[in-house]
Amino acid sequence: MSTLPPTRAGRRTRIALAGNPNTGKTTLFNRLTGLSAKVGNYPGVTVESEIGTLRLASAGEVELADVPGTYSLSARSAEEVLAIAAICGLPPLAPPDLVLLVVDATALTRNLYLALQVIETGTPVVIALNMWDMLASVGVEIDAAALARELGVPVVPISAQHGQGLDELRLALDRALAEPASARPDQRLVSESPLLREDIASAAAALPEDWRVEDPRRRDALALWALLSLDEHDELASAPKELRDVVLARRRAAADVGRELDAEIIRGRYEWIDAHAPRFLRTRAQVATSRTDQLDRVLLHPVFGFAAFLLAMGLVFQSLFSWADPAIGAIENAIGWFKALVVASLPEGLIADFVGDALIEGVGSVVVFLPQIVLLFLFIGLMEDSGYMARVAFLMDRLMKAIGLHGRAFVPMMSGFACAVPAILATRTMERQRDRMLTMLVVPLMTCSARLPVYALLIAALFPPSELFGFVPVQGLLMVGMYLFSTLVALAVAAVLGRTLFKGSSMPLLLEMPPYRRPDLRSVAAMVWRKSRVFLTEAGTVILACTVVMWGLLSFPRDAQGEARFDARASELAQAGASDEQLAELENERAAAALRHSLGGRLGRGIEPAIEPLGFDWKIGIGLLGAFAAREVFVSTMGVVYGMGGEVDDQTTGLRQRIQQESRDDGAPVYTPLVGLALMVFFALACQCMSTIAVVKRETRGWRWPVFLFVYTGALAWLCAFAVYQGGLALGLG
Amino acid sequence: MTSLDLLSPGTRARLVSIGGERAFRCRLMELGLLPGTALRLVRKADLGGVLELEVRGCRLTVRHLEARSLAVVPLEG
Ligand SMILES: Nc1nc2c(ncn2[C@@H]2O[C@H](COP(=O)(O)OP(=O)(O)OP(=O)(O)O)[C@@H](O)[C@H]2O)c(=O)[nH]1
Ligand SMILES: [Mg+2]
């Protein structure tokens with residue numbers, strides 16, 4: 001993702017792709033540029049502008065920026081501010097050369113509100129009338145040519161999802177760039193009352209110079225924008241104080257004589273729309289109850305809706321196990337085979353150890369989880385694209401409200417199941433700083449996909465596949481349990497923070513309910529592919545680097561004296577004609593002693609007193625230290641730890657078996673199911689993720705909140721793991 | 001005259017006035033729900049505490065709590 005470069009000088013022609021949320025901007029963007037930005041059937045999925053290149057016949061290569069969706073130019077949420085800055089070209093951005101406005105043809109009147117606002121600014125506009133394929137099913141007819149005549153800008157019917165009308169659209173863009181006057185009406189469409197004109201004039205006089213207000217039309221449009229957008233609570237940092245004061249004074253003066261400025265401005269536009277609609281819009285008699293209504297009757301039902309939601313979630317998580325298992329097994333085998341092949345071709349010693357244990361085994365133990373990551377993103381993608389995600393928000397609103405979270409917080413929290421980083425960026429859809437902060441601080445508690453490898457490893461290793469009551473699979477149940485647990489903790493924390501640090505009420509919820517749509521498999525697949533690629537690149541770079549560092553920490557310093565002692569004993573044993581078994585035993589001891597002597601081993605033992613009450617030994621401690629860079633590193637570090645400390649076995653049986661076999665000095669297994677549970681609880685709560693810390697710092701512009709996040713999650717993780725382990729012991733579950 | 005949350009699902013009504021905070025009022029009006037606009041209550045999710053409306057052919061959800069500040073007159077038929 002990139003942000004828009006600030007100035008216009010010397011840059012390529014830029015087209016801003018704008019429109020209401022959920023109108024198909026990103027789908028069109030992908031079609032036109034061939035890039036695959038994320039697409040979702042939930043209002044407000046795009047939170048940062050993505051820029052792609054569009055090739056036009058005569059204008060050549062131009063930039064296309066995918067702007068976040070917005071219902072109007074009166075910004076309230078942080079992401080709308082971004083959209084408005086990009087559409088209007090408020091400093092530091094320059095106005096775009098053209099706005100390609102995507103309009104949802106099935107909701108024409110509401111979409112025209114934004115269209116009127118954008119056209120008012122005087123920037124050339126081309127309208128793409130999207131979802132043309134859906135018109136018949138909603139019982140609406142639109143005369144595109146008449147609409148173009150009324151608005152004074154080109155209008156092209158398209159269907160972004162099916163790739164229809166795109167050639168005509170490219171032609172229209174080319175023509176509008178060559179001849180901007182053809183994409184601008186000759187005069188203002190909406191006319192104001194003389195009283196309102198006075199307000200506009202006085203706000204216009206207070207507009208700052210650098211907003212490029214030479215053009216009187218743009219000046220009036222920005223004045224209107226200011227009158228509607230600015231107030232005591234807005235978070236529009238770029239608006240100067242004088243302008244805000246003028247606006248506030250004007251609004252107060254109007255209220256004193258019984259006028260409502262906002263209603264006057266908004267009504268003016270809707271009156272234009274209502275007066276002109278008969279010329280281009282015909283609504284046929286109501287079609288019978290739509291498919292969306294029929295589905296909603298069940299899926300939004302207070303009882304059946306919840307049941308359906310829980311069932312869907314349960315299915316998703318069980319399938320993460322049963323469907324992914326064969327693929328995981330295949331990848332494990334391939335890695336074992338590859339490692340054996342490479343190690344055999346290298347001379348025995350440090351280099352072979354490094355390549356085998358650090359490079360192949362370390363990265364391999366993370367790559368193994370690719371199938372589950374793919375499935376998780378596939379499910380999230382399908383839910384977003386089909387429109388079901390918006391229903392989930394609807395079902396959850398009561399709960400969210402009771403907790404003190406904004407209704408819109410639900411979507412970032414659901415996205416948190418995939419990854420906290422985009423989820424934190426998605427908090428920008430909320431209008432108040434308070435709502436955003438609260439969500440940002442609890443999203444990292446949601447079970448993200450990086451925890452999945454850890455849970456998957458521990459559950460598969462410690463809880464044999466079996467059924468509860470003969471039909472409820474235990475492994476799937478545990479996984480669902482971990483997701484539920486993290487969600488409940490996140491909600492509880494939000495409730496506490498919302499009543500202490502972030503007092504105040506959240507903004508009223510207004511949601512748009514998109515119709516159900518058949519998910520576009522192409523774009524879902526493209527999204528899954530992008531996410532998987534990110535995961536693999538991470539495994540290839542960050543995780544590799546961490547694994548190498550951990551390997552170094554675990555291999556050095558070498559204990560020359562100790563090694564010599566083992567060598568001596570080995571040759572003694574060999575002379576005495578010891579069995580292979582005895583020799584292997586000795587090798588094990590040697591490796592364990594080396595690990596204990598290494599820097600990493602010492603660090604692990606150093607923190608052992610702190611984690612012993614949780615049931616973790618120093619080897620797990622090493623893994624925890626590694627995991628503070630990124631959670632997946634735990635798995636690869638454990639791979640390295642046991643690759644060295646365990647028996648050297650050519651028939652690598654994978655990390656799961658190693659974990660089952662690992663025992664304490666007294667022979668008792670290190671990993672009991674109780675230890676596994678405590679470890680999972682620790683992972684569920686601790687914010688072990690550098691990227692999350694970094695993005696919170698960026699979004700809150702300072703170190704205060706990321707540090708707070710890190711400390712409170714760490715403390716919570718320790719306490720809960722302690723409670724689980726000691727509680728379990730007390731109940732005799734150890 | 002009554003408030004929106006008291007309508008039964010399927011009823012059509014005309015909006016008379018909107019109460020509440022300015023930001024909320026503006027947002028509703030910008031979505032096309034101005035005083036004088038006809039609307040239809042599609043669904044009431046009692047358990048979810050949310051109402052679904054149809055305004056100018058588009059669906060919109062508002063909370064029960066906020067629906068109380070929307071004054072409406074029911075329309076015949
Ligand atoms: N039937 C139909 N569906 C479409 C069409 N174009 C897009 N969609 C669907 O509309 C939904 C929203 O598409 P997006 O491209 O994510 O919309 P957006 O405008 O980028 O949304 P935000 O970024 O959230 O504002 C997806 O489910 C698309 O598959 C179309 O031409 N016809
Ligand atoms: Mg988008």
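The values are calculated or read from the model by the stated rules, or taken from the named source; none is laboratory data. On a predicted model such as this, the values are computed, not experimentally measured, just so you know. Methodologically, a virtual Cβ is constructed for each residue, glycine included, from the backbone with ideal geometry; neighbour enumeration extends over all protein chains shown. Side chains included, ligands, DNA and RNA excluded: accessible areas come from the protein's heavy atoms. Shrake-Rupley method; radii C 1.70, N 1.55, O 1.52, S 1.80 Å.
What the table shows:
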| read-out | value |
| --- | --- |
| Set of lysines with alpha-carbon distance to A:Lys503 below 22 Å, sequence-local pairs under 8 removed | A:Lys401, A:Lys697 |
| Efficiency of FRET between A:Arg12 and B:Leu6 - r from beta-carbon atoms, R0 35 angstrom, step 0.05 | 0.05 |
| Residue-span extension gain [A:Asp666 to A:Ala568] - 0.36 nm each, minus C-alpha spacing | 32.7 nm |
| Degrees separating the helix A:580-597 axis from the principal Cα axis of chain A, which is the longest one | 50 degrees |
| Diffusion constant of chain B at 10 °C, which comes from Stokes-Einstein with the Kirkwood Cα-pair radius and 1.306 mPa s, µm²/s | 131 µm²/s |
| The stretch A:207-221 versus the stretch A:463-489: alpha-carbon centroid distance in Å | 61 Å |
| Rg over Rh [alpha-carbon atoms, Kirkwood Rh] for the protein assembly as shown | 1.04 |
| Buried area at the A-B interface (accessible, heavy atoms, 1.4 Å probe, summed, Å²) | 3600 Å² |
| Low-density loop positions, trypsin sites (Lys or Arg not before Pro), the stretch A:672-726 - DSSP coil, at most 15 other Cβ in 10 Å | A:Arg701 |
| Stokes-Einstein D (µm²/s) once Rh is taken as the Kirkwood radius of the stretch A:180-254 over alpha-carbon pairs, at 37 °C in 0.692 mPa s | 250 µm²/s |
| Cα centre as origin, Lys/Arg/Asp/Glu Cβ charges: the stretch A:286-404 dipole, Debye | 680 debye |
| Euclidean distance of C-alpha centroids, the stretch A:559-576 and the stretch B:1-39, integer Å | 86 Å |
| Alpha-carbon centroids, the stretch A:437-456 and the stretch A:324-403: separation in whole Å | 16 Å |
| Projected-area average for the stretch A:587-727 over all orientations - Cα convex hull basis, square nanometres | 9.1 nm² |
| Accessible surface of chain A [probe 1.4 Å, protein heavy atoms]: carbon and sulfur percent | 61 percent |
| Loop-located GluC sites (Glu not before Pro) in the stretch A:183-284 whose Cβ has at most 15 other Cβ within 10 Å (DSSP) | A:Glu214, A:Glu232, A:Glu235 |
| At 0.692 mPa s and 37 °C, Stokes diffusion of the stretch A:370-446 via Kirkwood alpha-carbon radius, µm² per second | 258 µm²/s |
| Loop chymotrypsin sites (Phe, Trp or Tyr not before Pro), the stretch A:685-734, which have at most 13 other Cβ atoms in a 10 Å radius of their Cβ (DSSP) | A:Trp703 |
| Pairwise label distance in nanometres, A:Asp215 with A:Ser345, each label 7 Å out on the Cα-Cβ vector | 6.3 nm |
| Nonlocal amide H pairs with B:Val16, under 5 Å, H built at 1.01 Å | B:Gly36, B:Ala71, B:Val72, B:Val73 |
| Shielded by partner chains, the stretch A:360-398 residues - at least 20 Å² of accessible area, 1.4 Å probe, vs chain alone | A:Phe394, A:Asp397, A:Arg398 |
| Kirkwood Rh in Å, taken over all unlike Cα pairs in the stretch A:435-535 | 17.3 Å |
| Mean accessible surface per residue for the protein assembly as shown, computed with a 1.4 Å probe while every protein chain stays in place, in Å² | 41 Å² |
| C-alpha long axis of helix A:166-178 to longest principal axis of chain A, angle in ° | 60 degrees |
| Share of pairwise Cα separations in the stretch A:2-183, more than 20 Å, in percent | 47 percent |
| A:Ala495 versus A:Val542: modelled label distance in nm, points set 7 Å from Cα along the beta carbon direction | 3.2 nm |
| Theoretical FRET efficiency, 1/(1+(r/R0)^6), r = Cβ-Cβ of A:Asn333 and A:Ala576, R0 41 Å, to 0.05 | 0.60 |
| Residues in the stretch A:245-267 that, when all protein chains are in place, have 20 Å² or more less accessible area than the chain alone would give (probe 1.4 Å) | A:Glu260, A:Asp262, A:Ala263, A:Ile266, A:Arg267 |
